[in-house]
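The values are calculated or read from the model by the stated rules, or taken from the named source; none is laboratory data. Since the structure is predicted, the reported quantities are computational estimates derived from the model, not experimental observations. Because the Cβ atoms are built from the backbone with ideal geometry, glycine has one as well, and the counts that use them run over all protein chains shown. Only protein heavy atoms, including side chains, enter the accessible area calculation; ligands, DNA and RNA are left aside. Shrake-Rupley method; radii C 1.70, N 1.55, O 1.52, S 1.80 Å.
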Amino acid sequence: MMTMSQKILAHKSGLDKVEAGQLISAKPDVILSNDITGPVAVNEFNKAGCTMRDASKVVMVMDHFAPNKDIKSAENCKDCRTFCALHGIENFYDVGRMGIEHALLPEKGLVGAGDLVIGADSHTCTYGALGAFSTGVGSTDVAAAMASGELWFKVPSAIKVVLTGKPQKFVCGKDVILHLIGLIGVDGALYKSLEFTGDGVKHISVDDRFTICNMAIEAGAKNGIFPVDDVALEYMKGRFVREPEIFEADEDAEYDDAVEINLSELKPTVAFPHLPENTKTKWEEVKIDQVVIGSCTNGHISDLRAAASLMKGRKVADGVRVIVIPATQQIYLDALREGLIETFINAGAVVSTPTCGPCLGGYMGVLADGEKAVSTTNRNFVGRMGHTGSEIYLASPYVAAASALTGYLTSPEDL
């Protein structure tokens, strides 16, 4: 009677069975942190006089403020760099090797089916796209896991999300997850597992699965997870450093609720300020100042291809700043080889090294008072990308690119 997530947690805790609400101690396969959360974990680890249990499970990625934007960010990265060198942590990704962590780890084969992954970043839930139980934790939890090799968990209950049909043109994973959040709200899956299933799953690419699971946290979920099918196995083939372990929900698994989404009925969807649940498929004219295409949510090569398909041979509207951020060095290289970078530059956009920068209002695209941005990132809270008087409209790469060309919030269908 267990869900997919519960089966993984039972396996990693050495138990035959777990139930929703049960407190367990389980052994993570991957312990992740970055240049913001890592220094806190390092400080707590050192303060407690801990020793490293298993350095091979630890991953640190310098992605939020790297290349460093100021002295503090430089010191944070130096702390992580020193710690990793001291403890022999090989999976340390710095400038030149790094990418946005939640795109980088799957690309490097560090996460995969059956894994238990914890990360001191809320969007660690991304890896459920490959059939892993992955979730965000606190920096002190990361310190404890590095020292002990274990961490406590409260087993989540689940919501079954049944996907049917096939997406139409210009509809992608971002529209699916925004539609779902619009249906259930930002706390609709609070501390629950969002378990995706149904005949429509086969029409969802791996990149789109990453996007969907990435934003499970925006519905309050503990994690999001997809079944391990041929699409996922093909992605992991020759890449995943461990052998995939496939877990399936029992036929009589218990769910708190079930939501059905007919993919063929979805339209390009936008989350208006200031919550991801404030979704619309039709809107009045909204003049914009900036467009960001990238992030751990939508910086994949397929996202860049989608944006470039609309921008090729066209120009960015006057008065609009367009920032394109490939999520990893490999994605940047692939985009360069495919001519996508040339398309963006010819259109009047700028292309950045991989970084989280503008998503959290850090750098590379901070908004001023009164400015409006269309962004493929994951949060549009007040002040998320800069001044509290700015506004963020969350959208797919198609909508972002269309808006960049017109200077107004625009559906790609209306170009």
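Points to keep in mind about this one:
- Using the Cβ of residue 251 as centre and a radius below 14 Å, the other residues enclosed give a net charge of -3, where K and R count +1 and D and E count -1.
- Subtracting the Cα-Cα distance of residue 152 and residue 43 from 0.36 nm times their residue separation leaves 37.2 nm of extension gain.
- Averaging Cα coordinates gives a centre for the stretch 236-312 and one for the stretch 64-96; these two points are 30 Å apart.
- Formal net charge of residues neighbouring residue 164 (Cβ-Cβ distance under 10 Å; K, R +1; D, E -1): -2
- Anisotropy class of the stretch 231-387 from Cα gyration tensor, a/c 1.5 cut: oblate
- For the peptides 271-281, 22-32, the ranking by mean Cβ contacts within 10 Å, running from highest to lowest, is 22-32, 271-281.
- Inter-label distance for residue 72 and residue 168, nm, one decimal - labels placed 7 Å from Cα along Cα-to-Cβ: 4.7 nm
- Computed on protein heavy atoms with a 1.4 Å probe, the accessible areas place 250, 16, 63 in the order 16, 250, 63, largest first.
- Between residue 382 and residue 318, the simple label model (points 7 Å from Cα in the Cβ direction) yields a spacing of 3.5 nm.
- Using a cutoff of 8 angstrom between alpha carbon atoms and counting only pairs six or more residues apart, the relative contact order for the chain works out to 17 percent.
- Two-site FRET efficiency, residue 281 against residue 251, from Cβ-Cβ distance with R₀ of 41 Å, rounded to 0.05: 0.70
- Helical runs assigned H by DSSP (4 residues or longer) give the chain a calculated mean residue ellipticity at 222 nm of -8500 deg cm²/dmol, each run adding -39500 (n - 2.57) before division by the residue total.
- Only protein atoms count toward the accessible area here, which uses a 1.4 Å probe; on the chain, the carbon and sulfur part of that area reaches 48 percent.
- Linear extension gain, residue 233 paired with residue 205, 0.36 nm per residue minus alpha-carbon span: 8.9 nm
- Cα gyration tensor shape of the stretch 335-415, rounded if a/c is under 1.5, else prolate or oblate by comparing a/b with b/c: oblate
- A Förster distance of 41 Å, applied to the separation of the beta-carbon atoms of residue 55 and residue 122, puts the FRET efficiency at 0.95.
- Relative contact order, percent, the stretch 88-190 [alpha-carbon distance under 8 Å, six or more residues apart]: 15 percent
- Summing charges over neighbours of residue 319, with a neighbour being any other residue whose Cβ is under 9 Å away from its Cβ, gives 0 when K and R count +1 and D and E count -1.
- Rounded if a/c under 1.5, otherwise prolate or oblate - the chain, Cα gyration tensor axes: oblate
- Rounded accessible area per residue of the chain, 1.4 Å, Å²: 38 Å²
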